[in-house]
Structure formats: structure tokens, C-alpha cells
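Q: One structure follows; several queries about it will come next.
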Amino acid sequence: MTQALHSYDPKRLSTYLEEHVAGFAGLAEIAKFSDGQSNPTYKLTDTAGRHFVLRAKPPGTLLKSAHAVDREFRVMTALAQSPVPVPQMLHLSDEDSPMGAQFLVMEHLEGRVFWDPALPEQSPKFRQDAYHALVRTLAALHDVDPQAVGLADFGKPGNYFSRQVSRWTGQYRACETQARPDMDWAIDWLDRNMVQDDGQATIVHGDYRLDNVMFDSQTADMIAVLDWELSTLGHPFADLAYQCMGLRLPPNAMIKGLKGIDRKAQSLPQEAEYVAQYCALRGIKPPENWAFYMVFSFFRLAAILEGVLQRAQSGNASNPRDVGMMSGTIETLAEAAKHTAQGRQS
């Protein structure tokens with residue numbers, strides 16, 4: 001499968017960056033990061049040896065509202081003075097850019113991103129501290145006042161879950177690659193069991209998990225939350241359930257989880273304790289309708305991956321390395337949604 005790449009003139013890109021990014025001294029090297037399935041991300045090195053990060057929409061035809069680097073730029077700019085660690089935003093291009101797509105440029109941070117949530121090569125204390133940092137930062141994000149940081153209009157009013165189920169059902173149907181009965185079942189269940197709007201509305205990340213944050217190169221201190229393209233104003237329990245979803249996914253899946261691991265012995269979080277810690281940090285009551293939030297999370301991720309699979313089959317995925325496993329992962333997520341709704345573990 002051929003990986004879709006941006007087509008650009010390095011000289012034109014270099015001139016553009018010199019004109020629009022403060023301190024950029026001319027493009028010496030551009031290298032694409034291999035990880036990630038969504039917006040292609042590049043490491044830039046200028047002629048002075050300084051590093052920057054460029055994150056662009058993929059080339060080709062895209063689903064409406066997908067790959068929103070402009071939303072990423074806006075939310076990270078807004079959070080710059082908040083307790084949530086984010087890279088410094090340096091520039092947002094127009095759609096008509098030297099890359100042939102809209103992109104943002106941000107500072108390059110030196111740190112570590114962990115792709116295995118079990119953190120097998122880290123100490124028990126590091127694992128405990130890292131997950132504490134995850135839940136503390138999530139709670140801090142949800143405590144940010146959107147109006148105070150200029151994001152009062154960052155999402156639509158009304159029932160967040162109703163909008164999201166409608167949106168992702170539409171996205172899923174638009175790029176459906178094959179019949180998936182468990183996915184159809186989950187969509188119907190979510191419609192029939194829709195939770196009422198309780199008025200909670202915070203900034204939500206939309207893809208909050210271990211491999212979308214960066215830690216200090218030596219410690220378990222979190223230095224950045226990354227990959228904000230799905231961020232909006234919404235219900236905080238969507239982020240919390242999405243984080244907890246990883247506790248229920250198998251460790252050998254395309255998106256690794258912690259299911260079946262003796263988490264207590266490995267100093268990894270138990271779901272109930274993780275939720276309780278989050279609620280204590282925010283001073284709120286434990287969530288009701290927890291099964292709904294979990295079913296929604298499985299369904300939503302499956303719908304997202306269906307879009308990635310469809311793009312990959314069209315030769316337009318940012319990282320096609322794992323698409324062979326993707327259809328099976330979508331089936332696993334849809335089955336997990338159904339089993340969770342039925343009150344049993346997958």
C-alpha cells in the first residue's frame with residue numbers, strides 16, 4: 001500500500017517559513033514522523049540547527065470537519081497560560097499553503113512518548129506517577145473555564161452525546177468499508193439509551209490517552225498534551241471514559257490496552273480507582289450511566305478507525321503500517337461496545 005505524501009517545493013516552503021515563523025533561519029531538513037494515523041507531522045530543522053514541528057492536514061479529499069489543524073492551533077494557543085502543558089504555537093497557514101494543505105508550526109519539545117500503556121520498561125513508581133499525571137492533567141483540563149481562555153464558542157450548545165453519536169454515525173456511514181453487525185447494534189443502542197443533557201460542558205481533548213502526551217526525558221512529569229484535532233466543548237465524562245477504555249482493550253491489539261494484566265501488581269490503575277481519583281480532583285460526584293459513556297467511547301473510536309481504514313484503502317493514510325490489523329480492531333471495538341451495553345466484559 002502506497003503512503004500518501006505531501007507534494008511541495010522545499011525552496012518555496014523554506015521561504016514561506018522564514019517569512020511566517022519568528023526566528024526560522026531557512027529549511028535545512030524536513031523528516032516525517034512515522035507514528036500516528038491522522039495528520040502527517042514533520043520535524044523541521046533550520047540552518048541554525050533549531051528544530052520545529054509542522055503538522056498538516058493529509059493530502060487528498062477529506063471528510064468534512066476532519067483533520068482540523070486550525071482547531072488544534074486555536075485550543076493549544078488558548079491553553080498556553082493554563083495548567084495544561086502544551087507546545088508553543090508559532091504559525092497557522094491558510095489552506096493554500098506550500099504543502100498543498102493547511103498546516104500549523106509549533107515548538108519542538110524534547111521528551112518521551114510511550115506507545116505501550118503497560119510501560120513495561122519503567123519502574124513501578126514511574127508507572128504510578130505517570131498515570132497520576134494523566135488523571136491530574138485531565139482533571140485540570142476539564143476545570144479550565146472555556147470563556148476565560150477565549151473558547152466560549154469552541155463547541156455547539158445542547159446534548160453533546162446526541163450530537164456526537166449523530167456526527168460519528170454519519171462519518172461511519174460515509175466511509176463504511178464493509179457490513180459490521182455489532183456496529184449497527186451499538187449505534188441503535190446508543191440512540192435508544194441516549195443520556196439527558198446535564199449541563200456539563202468543558203474543553204474536551206477527544207483523544208486523551210498515554211501515547212498522545214509527552215513526558216520529560218528523565219521523569220514522569222508531563223510536558224505536553226498533543227494531538228488536539230478532535231477537541232471541542234463537550235461532556236468531560238467522554239474524555240474520562242475514553243481514557244478508561246484503554247484499561248479494557250487487549251494488550252496485543254493495534255491500539256494497545258491493559259486488559260488481562262495484573263494492574264495492581266504492576267502499579268497500573270484500576271478503573272474504579274482511576275474514576276474516583278478524577279472525581280476527587282474535580283470535587284464532583286461519580287458519574288451515573290457509566291456503561292453509556294463506555295459504549296459511546298468504543299463506538300466512537302471504531303467510527304474514527306473506519307475512516308482511517310477507508311483512507312488507507314484509497315492510499316491516503318498518514319501511516320498505513322497497521323491498516324492490516326485495523327478492520328479486526330474495529331470489529332473488536334464494536335463487539336466491546338455491544339458487550340458493555342449488555343453488562344458483560346468483552
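Q: For E107 and R136, compute 0.36 nm times the residue count separating them, minus their Cα-Cα distance, and round to one decimal in nm. If you can, show how the numbers build up before the last one.
A: Working: separation 29, 0.36 × 29 = 10.44 nm, distance 2.37 nm.
Answer, rounded to one decimal: 8.1 nm.
Q: Follow-up question, since we're still on this one. Is the stretch 191-346 rounded, prolate or oblate when judged by the Cα gyration tensor, a ≥ b ≥ c being the square roots of its eigenvalues, rounded requiring a/c under 1.5 and prolate requiring a/b larger than b/c?
A: Numbers: a/c = 1.35, a/b = 1.17, b/c = 1.15.
Rounded.
Q: Round to a whole angstrom and tell me the spacing of the C-alpha centers of the stretch 207-226 and the stretch 236-265.
A: With the stretch 207-226 and the stretch 236-265 each reduced to a Cα centre, they are spaced 17 Å.
Q: Across the chain, how many lysine pairs separated by 8 or more positions, or lying on different chains, have Cα atoms within less than 22 Å?
A: Lysine pairs satisfying the spacing and distance rule in the chain number 13.
Q: Taking the Cβ of P251 as the center, what net charge do the other residues with Cβ under 13 Å away carry, scoring Lys and Arg +1 and Asp and Glu -1?
A: +2
Q: How much of the accessible area of the stretch 135-289, in percent, comes from carbon and sulfur atoms when a 1.4 Å probe is used?
A: 48 percent
Q: In addition: How far apart, in nm, are the 7 Å Cα→Cβ label points at D116 and I284?
A: 3.4 nm
Q: Taking a probe of 1.4 Å, how large is the accessible area per residue of the chain, in Å²?
A: Per residue, the chain has 44 Å² of solvent-accessible surface.
Q: Taking the highest mean first, how do the peptides 249-255, 293-299 order by number of other beta carbon atoms within 10 angstrom per residue?
A: In descending order of packing, they fall as 293-299, 249-255.
Q: Students sometimes get this wrong: rank H51, H339 by accessible area, probe 1.4 Å, all chains present, largest first.
A: Order by accessible area, largest first: H51, H339.
Q: Now a separate question. Keeping all protein chains in position, work out how much accessible area I223 exposes to a 1.4 Å probe, and write it in Å² to the nearest 10.
A: Accessible area of I223: about 50 Å².
Q: Sticking with this structure for a sec: By how many nm would the segment from M325 to D216 grow when fully extended, if each residue of separation counts as 0.36 nm and the alpha-carbon distance is taken off? Before the final figure, lay out each step's value.
A: Values: separation 109, 0.36 × 109 = 39.24 nm, distance 3.11 nm.
Stretched out fully, the M325 to D216 stretch lengthens by 36.1 nm.
Q: Going from most exposed to least, what order do W185, W228, W290 have by accessible area with a 1.4 Å probe?
A: Highest to lowest solvent-accessible surface, that is W185, W290, W228.
Q: Sticking with this one: Just check the stretch 118-182 against the gyration tensor rule for me: Cα atoms, a ≥ b ≥ c as the square roots of the eigenvalues, rounded for a/c under 1.5, and otherwise prolate or oblate depending on whether a/b exceeds b/c.
A: Oblate, because a/c is 1.5 or more while a/b does not exceed b/c.
Q: Hey, what's the per residue convex hull volume over the C-alpha atoms of the stretch 104-213, in cubic angstrom?
A: Taking only Cα atoms, the stretch 104-213 has a hull volume of 201 Å³ per residue.
Q: Would you mind classifying the stretch 177-243 by shape? Square roots of the alpha carbon gyration tensor eigenvalues, ordered a ≥ b ≥ c; an a/c under 1.5 is rounded, otherwise it is prolate if a/b is larger than b/c and oblate if not. Present the calculation step by step, with values, prior to reporting the outcome.
A: On the way: a/c = 3.10, a/b = 1.69, b/c = 1.84.
Since a/c reaches 1.5 but b/c is at least a/b, the shape of the stretch 177-243 is classed as oblate.
Q: Sticking with this one: Give the calculated FRET efficiency between A276 and A174 to the nearest 0.05, with a Förster radius of 35 Å applied to their Cβ-Cβ distance.
A: Efficiency, rounded to the nearest 0.05: 0.35.
Q: Here is a follow-up. Taking R0 as 22 Å, what FRET efficiency do you get between A291 and S82 from their Cβ-Cβ distance, rounded to the nearest 0.05?
A: 0.10
Q: Write down Rg/Rh for the stretch 129-272, rounded to two decimals, with Rg from the C-alpha atoms and Rh from the Kirkwood relation over Cα pairs.
A: Here Rg/Rh amounts to 0.98.
Q: Taking the C-alpha atoms of the chain, how large are the radius of gyration and the largest Cα-Cα span, Dmax, in Å?
A: Radius of gyration, then largest Cα-Cα span, for the chain: 19.9, 59 Å.
The values are calculated or read from the model by the stated rules, or taken from the named source; none is laboratory data. What you see is a predicted model; the values in this text were computed from it and never measured. So basically every Cβ, Gly included, is an ideal-geometry build from the backbone, and we count neighbours across all protein chains shown. Heads up: the accessible areas ignore ligands, DNA and RNA and are worked out on the full protein's heavy atoms, side chains in. Shrake-Rupley method; radii C 1.70, N 1.55, O 1.52, S 1.80 Å.
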